[in-house]
Amino acid sequence: MAQFFEVHPENPQPRLLKQAGQLLNDGGLLAIPTDSSYAVVARLDDKTAADALRRLRGLDERHHLTLLCRDLAEIGHFARVDNRQYRLLKLATPGPWTFILEATREVPRRVSHPSRKTIGIRVPKHKITLALLEAAGSPLMSTTLIPEGEDLPMNDAQAIFDRYANQLAGVIDGGACPFESTTVIDLSGPTPEIVRRGQGDLATLGLD
C-alpha cells in the first residue's frame, strides 16, 4: 500500500521528502507533482524501474522516458551536448521544456530509445520536484501519469492514490498541477525539431 505525503507546494518539508526519497532508494515508484502534470518517477540506477514505469502506463520500449535533472551540469553528464545545444538549454532551464538528446554511456540501455539511443531530459521548475531530486541525490526517470487507454493525465493526488495504491510506493500531494504538457524539442538532429507544443513560449528560445 502506497504512502501518502501532503507536501507544501512552496515550502516542501525536508523530512517528508527524505522519507519519499528513501522509498525510491528501496526500488519503489512515486507519483509526484511537476510543473506540467503529475508524473511517476523512479531512480535511474534501478534495474527494474524502467519496465515497471512502462507497465504502469502500458507503454512499449520505444516510448521515451524522461530524465529529470537538477541543473544544466547534470544534463551534460547524461546527454551529449554541443555548444549550440548548450546555449539553447541554458535559456530553457529550468522550465517547461523536454529535450531529446543523444544519451551518454551513463544512461542505461533499458532507459534510452532502443534504436536512436536518445533520451528525453529536462530540468523542472517546481519546488517539490527539485527538492525531491535533491533528496534522492540523483536524476529520476519519469513518465507523465496518464492511465492506460486514456488521453489526459491525472491531476488529483487522492484520485491517484485510490487508483494506484497497490502499484506505487508513495504519492506526493502537492496540489493541482498546471495540467499542460511540456514542449518537446528534438535536438538529436542537425536542427531543432518541435515534436510537441505545450507550455513555454518558443520565441524566447528563438525557435518560433
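Here the calculated FRET efficiency for residue 60 and residue 181, from their Cβ-Cβ distance with R0 = 30 Å, stands at 0.90, rounded to the nearest 0.05.
Given R₀ = 25 Å, what would the calculated FRET efficiency be for residue 48 paired with residue 199, taking r from the Cβ atoms and rounding to 0.05? Spell out each step's value before the answer.
Details: r = 31 Å, r/R0 = 1.26.
With R0 = 25 Å, the Cβ-Cβ based efficiency is 0.20.
Look at the dipole of segment 3-205 built from charges on Cβ: of 112, 198, 56, the Cα furthest out on the positive end belongs to 112. Applying D = kT/(6 pi eta Rh) to segment 20-112, where Rh is the Kirkwood radius over alpha-carbon pairs, T corresponds to 4 °C and eta to 1.567 mPa s, the Stokes-Einstein value obtained is 90 µm²/s.
Give me the net charge of residue 137's neighbourhood, meaning all other residues with Cβ under 13 Å from the Cβ of residue 137; Lys, Arg count +1, Asp, Glu -1.
0
Between 32, 160, 194, find the one with the highest GNM mean-square fluctuation for the chain; connect C-alpha pairs within less than 10 Å. Residue with maximal mean-square fluctuation among 32, 160, 194: 194.
In loop segments of segment 115-188 as defined by DSSP, the GluC sites (Glu not before Pro) with at most 10 further C-beta atoms inside 10 Å of their C-beta are 148, 150. Between residue 77 and residue 6, full extension at 0.36 nm per residue minus the direct alpha carbon distance yields a gain of 22.3 nm.
Taking only alpha carbon atoms, the chain gives an Rg to Rh ratio of 0.94, where Rh is the Kirkwood radius. The lysines whose alpha-carbon is closer than 24 Å to the alpha-carbon of residue 90, local same-chain residues fewer than 8 away aside, are 117, 125, 127.
Coordinate-derived values only; no laboratory data. Not measured: the values here are computed from a predicted model. Heads up, the Cβs are rebuilt from the backbone with ideal geometry, glycines too, and the neighbour counts pull from every protein chain shown.
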